[in-house]
Amino acid sequence: MANLGAFNANEVDPNVVFDPIPAGKYIARIIESEVKPTKNGDGRYLELTFEVLDGEYRNRKVWDRLNLWNPSSEAVRIAQGMLSAICRAVGVMQPRDSVELHNLPLEVTVKLKRREDTGDLTNEVKGYGPKAAPAGQPQPAAQQQPRAAGPPPWKRG
């Protein structure tokens, strides 16, 4: 038996269990970022928390982990590619701190994945892109891909 003191459930909102959101593309923003150690302690990853900005799943959260500091060069290569996609999507090409990527809208591609340990479905972020401009409007300049200076390579002497 455990003494619960003066706990009163009338004064505390109950936890709500959320099912994963359906696979698809969502406009979201990074609201939190934190470097954490890997489970086996041989590396670190950047955990990003995204908040969906519109539609039926507005205010729902999804997470991604970028293995930026890992003994596996392949894991690092994949993580750097994902970080590059995020940077290009939000128009911040050389962030010094992950907070520079916060609160900037981007498109997040979400998939469903079955957890190996429980068999439950969970969300997995599979890609990033710029927030689409409304129909008939060009992309904001900060989100366009940079163009190389000078003539194309085949016209250079």
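The values are calculated or read from the model by the stated rules, or taken from the named source; none is laboratory data. The shown structure was predicted, so the numbers you read here are calculated from the model rather than taken from an experiment. With ideal geometry, Cβ positions are generated from the backbone for all residues, glycine too; neighbour counts draw on all protein chains shown.
Summary of values
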| quantity | calculated |
| --- | --- |
| Residue identified as in a strand (DSSP E or B), at pLDDT 95 or above and hydrophobic (A, V, I, L, M, F, W, C) among Ile21, Ile30 | Ile30 |
| Number of the exception - Thr49 against (1) surrounded by fewer than 16 Cβ atoms within 10 Å (Cβ to Cβ); (2) in a strand (DSSP E or B) | (1) |
| Near pairs, Cβ below 8 angstrom, 6+ apart or cross-chain, from segment 37-62 (farther than 20 Å from Leu101 by Cα) to any residue that is among the charged types (D, E, K, R) | Pro37/Arg44; Thr38/Arg44 |
| Pair list, Cβ < 7 Å and 6+ apart or interchain, from segment 11-29 residues that are in contact (Cβ under 8 Å) with a residue 12 or more places away in the chain and surrounded by 12 or more Cβ atoms within 10 Å (Cβ to Cβ) to residues that are of a type in the set (Phe, Trp, Tyr) and not in a strand (DSSP E or B) | Ile21/Tyr57; Tyr26/Tyr57 |
| Criterion: outside any loop (DSSP other than H, G, I, E, B), of a type in the set (A, V, I, L, M, F, W, C), surrounded by 17 or more Cβ atoms within 10 Å (Cβ to Cβ) and over 13 Å from the mean Cα position of the chain (by Cα) - qualifying residue of Ala79, Ala75 | Ala75 |
| Candidate set: segment 83-134, residues that are in a strand (DSSP E or B) and over 12 Å from the mean Cα position of the chain (by Cα); chosen: the one surrounded by the most Cβ atoms within 10 Å (Cβ to Cβ) | Pro130 |
| Out of Arg65, Arg44, Arg58, sole residue that is in contact with a strand residue (DSSP E or B) (Cβ under 8 Å, 6 or more places away or on another chain), at pLDDT 95 or above and over 28 Å from Ala75 (Cα atoms) | Arg58 |
| Count - residues of segment 53-80 that are farther than 23 Å from Gly41 by Cα and of a type in the set (Gly, Ala, Ser) | 1 |
